[in-house]
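Asks: A single structure is presented below for examination.
Every number here is computed from the coordinates shown, using simple stated rules; none is lab data. These numbers were taken from a predicted model, which means no experiment stands behind them. We place every Cβ from the backbone using ideal geometry, glycine too, and count neighbours over all the protein chains shown.
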Amino acid sequence: MKKFATLLGVALMAGTALGAVKAYAGDELTITSWGGAYQESQRKAFFEPYIAAGNKITEAEYNGEIAKIRAMVEANAVTWDVVDVDTQTILAGCAEGTFETLDWGKLGLDRSQFIGADITDCAVPNILYSTVAAYDTTKTQAPAGLFEALFDTAKYPGKRALQKSPFVNLEWALMADGVAPADVYKVLGTPEGVDRAFKKLDTIKKDVVWWESGSQGPQLLADGQVVFATSWNGRFYNAIKTDKKPFAIIWDYQAPDYDWWAIPKGTPKMDAAYRFITFASQPKPMAEQTKYISYGPANKAAAPEIDPAILPDLPSAPDNLKTVFYPDPQFWGDKGDELRERFNAWLAQ
Amino acid sequence: MSTAQALPHDGVMRAADGTPLKVALARAERRERLKALGLVVPLFAFIVLSFVVPILVMLYNAVYDPDVSENMPLTVQSLKAWDGKELPPEEVFAAFVTDMKAAQQNKQVALIGKRLNYEISGIRSKVIATGRKVGALTEGPYKDAVIGIDKVWGDVDTWATIKRSSSSYTPFYVLSMLDLRQSADGSVEQVPADRAIYKSILVRTLGISLLVTLMTLLLGYPVAYLLATSPMKTASILMMFVLLPFWTSLLMRTTAWMVLMQDGGVFTQMLHYTGLTFLMNMLGVIDGQPELFKTRFATIVAMTHIQLPFTLLPIYSVMKTISPNYMRAAKSLGGTPFYCFLRVYMPQTLPGVAAGCLLTFILCLGYYITPALVGGPTDQMISGFIERAINSENNWGKASALGVILLIATLILYYVYNKLVGIDRMKLG
């Protein structure tokens, strides 16, 4: 009897091992996202259930650098199979062949159900996020608006944490300098407009701490290193809800944008990548993600299942949309490289 | 017995097997040499693969530039005959349309745009837009139609730039790392002020390295003297204080400085409680709390701390070899301690000082992580920009050119140093 049990045990173990090998072979997907609280929410809502279903995932993190993906594709050594990208990256990358064109039929998804899905053929939208500023309510009084918070250093002395990127910062600088929101891209499209934006940023250059990964903004604020910090709204939400930080988000002139699932061109694991994107675009896991982070799912079918408690914290909540600035991803897809280069030169001067 | 056989009538000495002794000896020596060479081969191969080849590739990448010539073959060909004075003729535009259509199909338009944008700021988006629209042009004349898509194609400079980048090799990257560029007529000129950053970065890199070297020398020299002249027991304890940080990872020590230097951190609090903050405010040195983190000051302090053992240890080992008798003799001849130190002791330590300083200086030139973590945007050194060119700009030409500039600057300094100090006089111990 004991012998039989041992035999059974060995057989079971061998079976498990076989199963594991099967899951490993060719299916080990590398999924790259933005780290921090956002990737944590994706881990809970998508990665863990997907792994539980018998798949194998390796996670990687980046800070949205399109150059890293370009380098992989150009070198024909793609090691990231699925990447979470923002809109300007997918537009620039789709135009230059950095990402695969997706077949919605193969994905088995209804394109009309996805908000913003028509913008590009290379990706499936997954969430709506927003770039916002926040402050510590125990240390700083509620500012009159975003531009006072970021640019009025006389009234709010101290450092500000801004993203080390020209995206949204240049637009905010122009609006703070008196450009009407509707005219921002008309102005920013001219060399004089770019000069004007940098001139405005010059006024706070010595008061800025530049962050590169999304978790740094809330961290700098929590450490008291800055009076105002920008980040993506979900990061502040996470600091407020999970870490119980006394932060308040400034929704004034929030800059909403989409995040997308995309496949870098030439991945050897195309089918597995498709399967993951299909899985992560289902209403149920997408609604599940809202339990952990305050980003709106791009799949309309997920709307009825969203936890009602989170609705006021989403960028799309009516209270948060009183003043809003929609960045133009096409502008950034076309001009992003130039402006980033100029921005980096400006930083180094 | 064998001697009788080995000395035949011709008088040539022979080995046991009858070959002349000279030949046999040479053969044996060659075997030994090959054996010795065999021992060196792994190291030699390692150096070639890990050092010589990458440097050659870097030098090559700094001038290699195939983006335009590969993706616009017809345009480049037809531009050869163009004199560059007025807009190119219709054939060029026709070739351009064919090239752009092909490039659009192969999704190479962005690559062309990226390359041209290095020289004509803002053209990237226009090239991409042209690529999107050029498919609609099915028959000539193309000239006005192309200019109709974007008037940048009606600019002689645009075509001069394409013609200039039509060779697979370009001085562009190396020039631009010196804040220079080729103008439309091919002459070399300064780049506009908002893009001219690289000369100042080179000067900054050299400046920070020099300052750190001086600081380590000022701090390290007395410590080395103390170590070399203390009794064995004290010296070995003191040595631990030098070596322990030396054995700790650079990244960890840099992170420690981040914690110490951040606003409201240990340093700021120390300055506050000792009243130094108050004093500095009184004197008008600072206004409010001192800012240390993300400054040049923090960069220099952290780098000095990390480099200190590199300067100190060669000086120490040279000092160890200096006999105390020289100083005794000098003193017995009536020299004051200071005079004796200056004229007798110090000159003997110079080979160690030279070795330590050169080591620290050259290591400093390549610093990347420390300035990135404790320095601000204006404290970044050349390596930081090489990293950015590769990781966030995907511009290998620029990264290589920066590397070349750094290599040349280092070689020039090494040459000057050799002339002044003499490498053969340098001693590591």
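Asks: If each DSSP helix of 4+ residues adds -39,500 (n - 2.57) and the sum is divided by the residues in chain B, what number results at 222 nm, nearest 500 deg cm²/dmol?
Replies: When only DSSP H runs of four or more count, the value is -20500 deg cm²/dmol.
Asks: Pop the C-beta distance of B:Asn418 and B:Ala102 into the FRET formula with R0 = 41 Å and round what comes out to the nearest 0.05.
Replies: Given R0 = 41 Å and the Cβ-Cβ separation, E is 0.15.
Asks: Over the stretch A:174-213, how many percent of alpha carbon pairs lie in each 10 Å bin up to the one with the longest distance?
Replies: Values per bin, smallest distances first: 30, 44, 27, 0.
Asks: If every alpha-carbon in the stretch A:228-303 counts as one equal scatterer, what log10 I(q)/I(0) does Debye give at q = 0.20, 0.23 1/Å?
Replies: Log-scaled intensity ratios, in q order: -0.97, -1.08.
Asks: Quick one: net charge around B:Gly154, please, counting Lys, Arg +1 and Asp, Glu -1 for every other residue with C-beta under 14 Å from its C-beta.
Replies: -3
Asks: Sticking with this one: Give, rounded to the nearest 20 debye, the magnitude of the charge dipole that the stretch A:205-349 has about its Cα centre when Lys and Arg contribute +1 at Cβ and Asp and Glu contribute -1 at Cβ.
Replies: 220 debye
Asks: So for the stretch B:263-343, taking the charge dipole from beta-carbon charges (+1 Lys/Arg, -1 Asp/Glu), which of B:Ala298, B:Pro337, B:Gly264 sits furthest toward the positive end?
Replies: Farthest towards the positive end: B:Pro337.
Asks: Find which of B:Thr255, A:Gly54, A:Thr101 sits farthest along the positive direction of the dipole of the protein assembly as shown, computed with +1 on the beta-carbon of Lys and Arg, -1 on that of Asp and Glu, about the Cα centre.
Replies: My answer, from the dipole projection, is B:Thr255.
Asks: Which number comes out as Rg/Rh for the stretch B:39-104 once both Rg and the Kirkwood Rh are worked out on C-alpha atoms?
Replies: Taking Rg over the Kirkwood Rh, I get 1.37.
Asks: Rg to Rh for chain B: what is it, with Cα atoms only and Rh by Kirkwood?
Replies: Looking at chain B, the ratio lands at 1.16.
Asks: How long are the three semi-axes of the equivalent ellipsoid for the stretch B:337-429, computed from the Cα gyration tensor as the root of 5 times each eigenvalue, in whole Å, largest first?
Replies: Semi-axes, largest first: 36, 16, 9 Å.
Asks: Right, something else. Helix by helix, which DSSP H runs in chain A go 30 Å or more along their axis at the Cα atoms and have an average Kyte-Doolittle hydropathy of -0.5 or more?
Replies: Sorted by number, the helices that extend far enough and score high enough are A:2-24.
Asks: In whole Å, how far is the Cα centre of the stretch B:169-200 from that of the stretch A:231-268?
Replies: Using only Cα atoms, the two centres lie 40 Å from each other.
Asks: To the nearest µm²/s, what D does Stokes-Einstein give for the stretch A:143-211 at 20 °C and 1.002 mPa s, using the Kirkwood radius over alpha carbon pairs as Rh?
Replies: 175 µm²/s
Asks: Which order do A:Val168, B:Val223, B:Val40 fall in if you start with the one that has the fewest other Cβ atoms within 10 Å?
Replies: The fewest-first ordering by Cβ neighbours comes to B:Val40, B:Val223, A:Val168.
Asks: Right, next: Against the empirical 2.2 N^0.38 Å scaling, what ratio does the C-alpha Rg of the stretch B:91-132 come to?
Replies: Here the Cα radius of gyration is 1.09 times the empirical estimate.
Asks: Cα extents of the stretch B:1-138 along the three principal axes, largest first, in whole Å?
Replies: That gives 101, 31, 28 Å along the principal axes, largest extent first.
Asks: Follow-up question, since we're still on this one. Which trypsin sites (Lys or Arg not before Pro) in the stretch A:144-252 sit in a loop by DSSP (not H, G, I, E or B) and have at most 14 other Cβ atoms within 10 Å of their own Cβ?
Replies: A:Lys155, A:Lys244
Asks: For B:118-131, what's the mean count of beta carbons from other chains sitting within 10 Å of each residue's beta carbon?
Replies: The mean count of partner-chain Cβ atoms within 10 Å per residue comes to 3.
Asks: Now a separate question. Which residue, A:Gly266, A:Tyr253, B:Gly384, has the largest displacement toward the positive end of the dipole of the protein assembly as shown when charges sit on each Cβ (Lys, Arg +1; Asp, Glu -1)?
Replies: Most positive-ward Cα: B:Gly384.
Asks: Distances over 48 Å make up what percent of all Cα-Cα pairs in the protein assembly as shown?
Replies: For the protein assembly as shown, the share of Cα pairs beyond 48 Å comes to 36 percent.
Asks: If R₀ is 41 angstrom, what is the calculated FRET efficiency for the pair B:Lys199 and A:Asn76, using the beta carbon separation as r and rounding to 0.05?
Replies: The formula returns an efficiency of 0.70 here.
Asks: Sticking with this structure for a sec: What is the magnitude of the charge dipole of the protein assembly as shown about its Cα centre, with +1 placed on the Cβ of each Lys and Arg, -1 on the Cβ of each Asp and Glu, and no other charges, expressed in debye to the nearest 20?
Replies: For the protein assembly as shown, the charge dipole is close to 3460 debye.
Asks: Filter the GluC sites (Glu not before Pro) in the stretch B:78-131 down to the DSSP loop ones having no more than 10 other Cβ atoms within 10 Å, then list what survives.
Replies: Passing sites in the stretch B:78-131 are B:Glu86.
Asks: Still on this model: Could you give me the radius of gyration and the Dmax of the stretch B:70-193, taking only the C-alpha atoms into account and expressing both in angstrom?
Replies: 14.1, 44
Asks: Can you give the convex hull volume per residue for the Cα atoms of the stretch B:245-365, as a whole number of Å³?
Replies: Cα-based convex hull of the stretch B:245-365, divided per residue, equals 162 Å³.
Asks: Rg(Cα) of the stretch B:136-293 divided by 2.2 N^0.38 Å?
Replies: Ratio of Rg to 2.2 N^0.38 Å for the stretch B:136-293: 1.92.
Asks: How long, wide and thick is the stretch B:306-363, going by the Cα atoms along their three principal axes, in whole angstroms, largest first?
Replies: That gives 42, 17, 16 Å along the principal axes, largest extent first.
Asks: Given the pairs A:Lys245/A:Lys284; A:Lys164/A:Lys269; A:Lys265/B:Lys163; A:Lys68/B:Lys114; B:Lys151/B:Lys199, which span a C-alpha to C-alpha distance of over 24 angstrom in this model?
Replies: A:Lys245/A:Lys284; A:Lys164/A:Lys269; A:Lys265/B:Lys163; B:Lys151/B:Lys199
Asks: Calculate the length of the line joining the C-alpha centroid of the stretch A:81-97 to that of the stretch A:286-312, in whole Å.
Replies: 24 Å
Asks: Send over the Kirkwood Rh of the stretch A:72-172, from the inverse of the averaged 1/r over different Cα pairs, rounded to one decimal Å.
Replies: Mean inverse Cα-Cα distance, inverted, gives 17.3 Å.
Asks: Tell me, what are the semi-axes, in whole angstrom and largest first, of the equivalent ellipsoid of the stretch A:270-349 as set by the roots of 5 times the Cα gyration tensor eigenvalues?
Replies: 32, 22, 11
Asks: How big is chain A on each of its three principal axes, counting only the C-alpha atoms and giving the largest first in Å?
Replies: So the extents along the principal axes, rounded to whole Å, are 83, 45, 39.
Asks: Once R0 is set to 60 Å, what does the formula 1/(1 + (r/R0)^6) return for the Cβ-Cβ distance between B:Thr234 and A:Gln282, expressed as a FRET efficiency to the nearest 0.05?
Replies: So the FRET efficiency works out to roughly 0.25.
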